[in-house]
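The values are calculated or read from the model by the stated rules, or taken from the named source; none is laboratory data. Treat the numbers as computed from the prediction; the structure is a model and nothing was measured. Every residue, glycine among them, receives a Cβ derived from its backbone with ideal geometry; neighbour counts consider all protein chains shown. Surface accessibility is based on the protein's heavy atoms, side chains included, excluding ligands, DNA and RNA. Shrake-Rupley method; radii C 1.70, N 1.55, O 1.52, S 1.80 Å.
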Amino acid sequence: MSLPTEQRDSLTKRLTDSGLRPTPQREIVFKVILEKRNHPTADEIFAQVKAQMPTISLATVYNCLETLVHNGLVRQVNFERAPTRYCPHLHEHAHFHDETTGEVHDIEVPAELLAQLRALLPSGYVANAIELSFRGRATTPPPES
C-alpha cells in the first residue's frame, strides 16, 4: 500500500486516537471508505482493497469494518433487504437511497429539525442517535457527463 506520508500519518492518528492499532489492513480499508465517500458495501470495499493488497481476504475486510464501526470511525447504513453500506460521515445526517441506481446520498438535516425529532420521544427517553433514511428515485435524469 503506497500512501503519501501525510495521508498515512492522518489515518494512523485517527486509528490510534480511537484506541486501535493501525495495521496496514485497517489503514487501507479505512482509506477506501474515506476516499470514495460513496457508501460502499463490504464487497465493493473488498474489490478496491484487493487491487491494492492482493493477499487480503474478505473475512479480514469484514473484521476491519466491524472494528471501525465499533470504534466510531465509520457508520453502518442499512436499507431493507440491501447489503450494509459504510459511511465515513459521523455527524448526524440522513440518507437518500436511489432505488433506480442504488446510489446513496447524504442529506444534511438542520439541528433544529433534529431537536424537534428528539422532542417526539416519550417522556423519560433520550435518543443516542437518529437514523433517518429516504427511499425513492430521481424525478429528472441526471445531467450527462
Using 0.36 nm times the number of residues separating L121 and H70, minus their current alpha carbon distance, what extension gain do you get? 15.8 nm
With the charge dipole of the range 32-113 built from beta-carbon charges (+1 for Lys and Arg, -1 for Asp and Glu) about the Cα centre, the Cα from C64, M53, I107 projecting farthest to the positive end belongs to M53
Å² of accessible area per residue within the chain, as computed with a 1.4 Å probe and no ligands counted: 65
Given Cβ point charges of +1 (Lys, Arg) and -1 (Asp, Glu) and nothing else, what value in debye, to the nearest 20, does the dipole of the chain about its Cα centre take? 420
Could you state the angle between the C-alpha long axis of helix 5-17 and the longest principal axis of the C-alpha atoms of the chain, as a value from 0 to 90 degrees rounded to the nearest 10? 60
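If you count, for each residue, the other Cβ atoms within 10 Å and average over each peptide, how do 87-94, 26-33 line up from highest to lowest?
Most protected by this proxy first, the peptides run 26-33, 87-94.
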Nearest 10 degrees, 0 to 90: what angle lies between the long axis of helix 42-52 and the longest principal axis of the chain (Cα atoms)? 30
Loop-located trypsin sites (Lys or Arg not before Pro) in the range 83-145 whose Cβ has at most 15 other Cβ within 10 Å (DSSP): R137
Going by alpha carbons, how many degrees (0 to 90, nearest 10) lie between the helix axis of 24-36 and the longest principal axis of the chain? 50
